[in-house]
Amino acid sequence: MLKSTFTPILCVLFPKPKSSKLSSYIITNTFTNSTPPVRQNASLKHHSPIITHPSSAYIHLPFCRKRCHYCDFPIVALGSASMQIDDDPRVLNYVQWLCREINTTKVEFDDKTSLETVFFGGGTPSLVPPRMVSTILETLRMKFGLSENAEISMEMDPGTFDVKKMQEMMVLGVNRVSLGVQAFQEKLLSSCGRAHGLKEVHEAIDIVKSCRVENWSIDLIASLPHQTCDMWEESLRLTIEAQPTHVSVYDLQIEQGTKFGNLYTPGEFPLPSEMQSADFYKMASRMLGDANYNHYEISSYSKSGYECKHNSIYWKNKPFYGFGLGSASFIGGLRFSRPKKLNDYMNFVRNLENGLVSSSAGDHIHCKDTAMDVVMLSLRTARGLDLESFKESYGNSIVFSVLEAYKPYVESGHVSCLDENRKSIRIDDLDDYLLDESNPERRLAYIRLSDPEGFLLSNELISLAFRAIDS
């Protein structure tokens, strides 16, 4: 699976490798390991959050054929013969522990809401036999309920499934596929340590299309070692020709402890420079935009109506369950992550069953942290930050502080101002336009980062908002 940057909890939230230069800071402060309870900051207005029942669940299936050279996720490498794992005791044992965790999870809500989205990430979930996926889905259905029209997504890698397995997954209810292509060049796939080659990429695309999977995504990685502009353009062109309904584009981050971390230094050959990485990002924005893909989130593009509903739960800062090795949940305004090592995870489940630990934390939520979460996640998206809602939760002063910090970037075009109809407005004085109740049409309702220039400065811009909030 892919993640964006900094916090380990992200490995369970966002699909494969990590966006570093483009969107790293955006995710940093939001998804931290379970935050100790702290008193709310009295200097900020903050309404107690409306506690809602999570309607989404992330399921971590950590199995891979081997570890890719950039990967630092919690995985279990099964070996090259892992296409035949129907009776692999490691997989069966893990699924049993996973279902035990689901069954032991305390549901602290009177109004039981069925799950609307389920996301199988990893790892390579498509290695897991359909009958075991069925067991997990049935466990979720019995525990929480599963909506008849639920979006059920699965990350699938080329070379790990055939037509029969794809059809069996669809019968179980899997209706969205995230295909981990990463590149359309044999040389790049090999140099990354991917277990599949170009032949398997084309076969996987043919399988998905022949099985008439309506909602499917292709995942690509930019800024790989030895990757050129021509290679990146080819990958984008072939992706567009394949006609997926969704495309995810991630910028590689070099992690310590990985093979790439031992071999390469960011910004130095054979890795592209920061300028080249920015060019890759601009090229993706331009080519995918020209092909009628909406750039609805920093790393995500979709045809109209095919935005990933599950990931949108994250961007909207809504609650969700997380189950499995290293996974994260967000319940009652608090984030909680599970152990990343298998033995530690099994001990966690035992303790959960014995009432010695909880999958949620204390009762207090730090106001500044929640404000930072809202800003960070909102500015990842094309929708941007809803200023009226933000003002209602945190008061005028914090809104004005953020706007004051962004004034130079509004002038430079990196931050866009939108009215209530989401039309761009040109403003000379942000303060006057924010609360102009006399003329709603000219009132500033949203701010967002421009595409692509603002998104490229997302690290700095989010950091700037954090400093304004913290002050």
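The values are calculated or read from the model by the stated rules, or taken from the named source; none is laboratory data. Note that the structure is a prediction, hence the values are computed from the model and not measured. All Cβ positions, even for glycine, are placed from backbone atoms using ideal geometry, and neighbour counts span all protein chains on display. When the accessible area is computed, the model is the full protein with side chains, heavy atoms only, and any ligands, DNA or RNA have been set aside. Shrake-Rupley method; radii C 1.70, N 1.55, O 1.52, S 1.80 Å.
Stretching Asp290 away from Met142 to a fully extended chain increases their span by 48.8 nm, per 0.36 nm per residue minus the current alpha-carbon distance.
The heavy atoms of Ser424 offer some 100 square angstrom of accessible surface to a 1.4 angstrom probe.
Were the residues from Ser273 through Ser190 laid out at 0.36 nm apart, the gain over their Cα-Cα distance would be 27.7 nm. Given the C-alpha centroids of the stretch 182-196 and the stretch 258-321, what is the distance between them in whole angstrom? That distance is 18 Å. For the stretch 61-198, the spherically averaged projection of the C-alpha convex hull amounts to 9.0 nm². Neighbours of Thr258 by Cβ distance under 9 Å: Lys/Arg scored +1, Asp/Glu scored -1, total 0. Applying both filters, DSSP loop and at most 16 other Cβ atoms within 10 Å, to the trypsin sites (Lys or Arg not before Pro) of the stretch 279-364 gives Lys303, Lys316, Lys341. Per-residue accessible area (protein heavy atoms, 1.4 Å probe) orders Glu233, Glu108 as Glu108, Glu233, starting from the largest. In this structure, the amide hydrogen of Trp216, modeled 1.01 Å from its nitrogen in the peptide plane, lies closer than 5 angstrom to those of Val177, Thr245, His246, counting only residues at least 5 positions away or on a different chain. Amide H contacts under 5 Å for Val181: Asp219, restricted to partners 5 or more places along the chain or on a different chain, H placed in the peptide plane at 1.01 Å from N. Between amide H atoms placed 1.01 Å from N, distances below 5 Å from Glu255 occur with Gly261, all of them 5 or more places distant or on a separate chain.
Remark: relative contact order (the stretch 63-180) = 27 percent; criterion is Cα-Cα distance under 8 angstrom and separation of 6 or more residues. Percent of Cα pairs in the stretch 367-470 per distance bin of 5 Å, from zero to the largest separation: 2, 13, 27, 28, 20, 8, 2, 0. For Trp97, the solvent-accessible surface with a 1.4 Å probe is about 20 Å², rounded to the nearest 10.
Remark: the Asn317-Ile425 segment gains 36.2 nm on full extension, using 0.36 nm per residue and subtracting the alpha carbon distance. The residues packed around Ile136, meaning those with a beta-carbon under 12 Å from its beta-carbon, carry a net charge of +2 if Lys and Arg are +1 and Asp and Glu are -1. Other residues whose C-beta falls under 11 angstrom from the C-beta of Asn149 contribute a net charge of -2, scoring Lys and Arg +1 and Asp and Glu -1.
Under the criterion of Cα pairs below 8 Å and six or more residues apart, the relative contact order for the stretch 367-470 equals 36 percent. Highest-first packing order for the peptide set 264-275, 52-63 is 52-63, 264-275, based on the mean count of other beta carbon atoms within 10 Å. Three principal axis extents describe the C-alpha atoms of the stretch 56-316; from largest down they are 53, 39, 37 Å. Inter-label distance, Thr113 to Glu234: 4.7 nm, where each label sits 7 Å from its Cα along the C-beta direction.
The phi-based Karplus calculation (6.51 cos²θ - 1.76 cosθ + 1.60; θ = phi - 60°) puts the 3J(HN,Hα) values of the stretch 263-272 at 9, 10, 10, x, x, 10, 3, x, 6, x Hz, whole numbers, x for Gly and Pro. Reported to the nearest whole Å, the Cα centre-to-centre distance from the stretch 108-156 to the stretch 441-471 is 35.
In this structure, the residue pairs whose Cα-Cα separation is over 20 Å, taken from Lys316/Lys391; Lys282/Lys423; Lys66/Lys199; Lys318/Lys391; Lys165/Lys340; Lys316/Lys407, are Lys282/Lys423; Lys165/Lys340; Lys316/Lys407. For the stretch 332-344, 3J(HN,Hα) computed residue by residue from phi via the Karplus equation (6.51, -1.76, 1.60; θ = phi - 60°) reads x, x, 10, 9, 9, 10, 8, x, 9, 9, 4, 5, 5 Hz, glycine and proline entered as x. Ranked by the mean number of other Cβ atoms within 10 Å of their residues, highest first, the peptides 163-172, 237-246, 378-387 fall in the order 378-387, 237-246, 163-172.
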